[in-house]
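Scroll down for the structure; my scribbles are underneath it.
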Amino acid sequence: MKNIFAGHTNSYHGFTLEQALSGISRAGFKYVELSAVRGWTEHIMPDMGAEGKKNAKALLDKYGLEPIGLSGHCNLMDESRLADFELNIELAAEFGCKFIVSSTGEAHFGKDEVFTDEGLVKNIKKLIPSLEKNGLEMVLEIHGEHNTGEKMFALIKKIGSPLVAINYDTANVYYFGGKMPTDDIKTCAAGVKYVHLKDKKGEQKEWDFPGTGNGDLPLAAFMDYLDAQGYTGPYSIEIEYTQDYCMRDKDRPGDIDVADKEMADSYAYLKSIGRV
């Protein structure tokens, strides 16, 4: 059975939902991970209203894309954010997603956060009834304090639910954790149910995340290892470019062409190694 490969709309941070879906579709993808991260990439949101949701679904139909996951990052260390995340769970179910993705802390702009696994486990366990009700699995992204598969797998084991697993981000484990994904995955493969297949160029702490196959990470070898472990979950293509391009307003001529090219390059790379 072939894995599902999806384009992640966060690769179009700063662009509209239609620009994202158009580029992902034209690249060749049939599946999509949608972004619903407040204050960052708000392509769909729980409070967009019935008309907004209807329009978003119409765009998915127009571009022939099936949602597989929702990026709904919230700071799960903060108990007051759990209600927001439950709304994201409902949103993911409404759009037909099977997975909802979150980091454990703030995915962007988090400062001076206090992390305790005990508090985090307690908060995540409170979300399990909502996951059950909506038929979703929650996958926690390697990021921030939980910056390696080994650390994240230890957390997943403490939660102890089949509905909570790892979203393995191949670039984050190197950028945040200093580990090569081909080495680190051997510590946690049994807990992985979702992958952000993200590439990386340059030094460890250099923000440069190009299209899949345009960086330096051994992604084909990474997937070969997961194949051998029986992984059948999705791969989502996330591109975050250079820091300047990612963080600034996308209002320069040619900006959208950069995003479209990197997404198209990603699909072409996957095709060249027989993955799509």
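The values are calculated or read from the model by the stated rules, or taken from the named source; none is laboratory data. Values in this document were obtained by computation on a predicted structure and should not be read as measured data. All Cβ positions, even for glycine, are placed from backbone atoms using ideal geometry, and neighbour counts span all protein chains on display. Heavy atoms of the whole protein, side chains included, go into the accessibility calculation; ligands, DNA and RNA do not. Shrake-Rupley method; radii C 1.70, N 1.55, O 1.52, S 1.80 Å.
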### Query
Only one residue in Arg275, Arg252 is open to solvent by less than 50 Å² (accessible area, probe 1.4 Å) and either in contact (Cβ under 8 Å) with a residue 60 or more places away in the chain or farther than 29 Å from Ala190 by Cα (or both), so which one is that?
Arg275
### Message
Can you find a residue that is more than 18 Å from Asn167 (Cα to Cα), modelled with pLDDT under 90 and among the small types (Gly, Ala, Ser) anywhere in segment 85-103?
### Response
no
## Note on the structure
Exactly one of Ile156, Ile68 is in a helix (DSSP H, G or I) and of a type outside the set (D, E, K, R), and that one is Ile156
### Query
Among all residue pairs at least 6 apart or on different chains, which show Cβ distances below 7 Å where the first residue, located in segment 1-25, is modelled with pLDDT under 95 and the second is open to solvent by 20 Å² or more (accessible area, probe 1.4 Å) and not small (Gly, Ala, Ser)?
Met1/Thr232
### Task
Hey, can you tell me all the residues within segment 1-50 that are over 14 Å from Glu262 (Cβ atoms), among the hydroxyl-bearing types (Ser, Thr, Tyr) and crowded, with 17+ Cβ neighbours inside 10 Å?
Ser22, Ser25, Tyr31, Ser35, Thr41
## Note on the structure
Of Tyr174, Tyr168, the only residue that is under 21 Å from Ser71 (Cβ atoms), among the aromatic types (Phe, Trp, Tyr), out of contact with any Gly (no Cβ under 7 Å at 6 or more places or on another chain) and not in a loop (DSSP other than H, G, I, E, B) is Tyr174
### Query
So which residues in segment 93-103 are aliphatic (A, V, I, L, M), touching a helix residue (DSSP H, G or I) at 6+ places or on another chain (Cβ under 7 Å) and crowded, with 24+ Cβ neighbours inside 10 Å?
Ile100
### Odd one out for His108 among (1) modelled with pLDDT of 95 or more; (2) within 29 Å of Lys57 (Cα to Cα); (3) not in a helix (DSSP H, G or I)
(1)
### Query
Inside segment 59-86, can you point out the residues that are open to solvent by 60 Å² or more (accessible area, probe 1.4 Å), within 25 Å of Gln19 (Cβ to Cβ) and over 16 Å from the mean Cα position of the chain (by Cα)?
Asp61, Lys62
### Task
Just need a number here: residues in segment 85-103 that are touching a Phe, Trp or Tyr at 6+ places or on another chain (Cβ under 9 Å) and in a helix (DSSP H, G or I).
1
### Message
Would you confirm, using the coordinates I've provided, whether Met263 is surrounded by fewer than 18 Cβ atoms within 10 Å (Cβ to Cβ), among the aliphatic types (A, V, I, L, M) and under 14 Å from Ser11 (Cα atoms)?
### Response
no
### Query
Of these, Ser161, Ser130, which one is touching a residue at least 12 places away in the same chain (Cβ under 8 Å), closer than 24 Å to Ala83 by Cα and assigned to a loop (DSSP other than H, G, I, E, B)?
Ser161
### Message
Just the residues that are closer than 21 Å to Phe15 by Cβ, in a loop (DSSP other than H, G, I, E, B) and open to solvent by less than 50 Å² (accessible area, probe 1.4 Å), please, taken from segment 212-247.
### Response
Thr212, Glu238, Ile239, Glu240
### Query
Can Ala56 be described as within 17 Å of Phe15 (Cβ to Cβ), among the aliphatic types (A, V, I, L, M) and open to solvent by less than 10 Å² (accessible area, probe 1.4 Å)?
yes
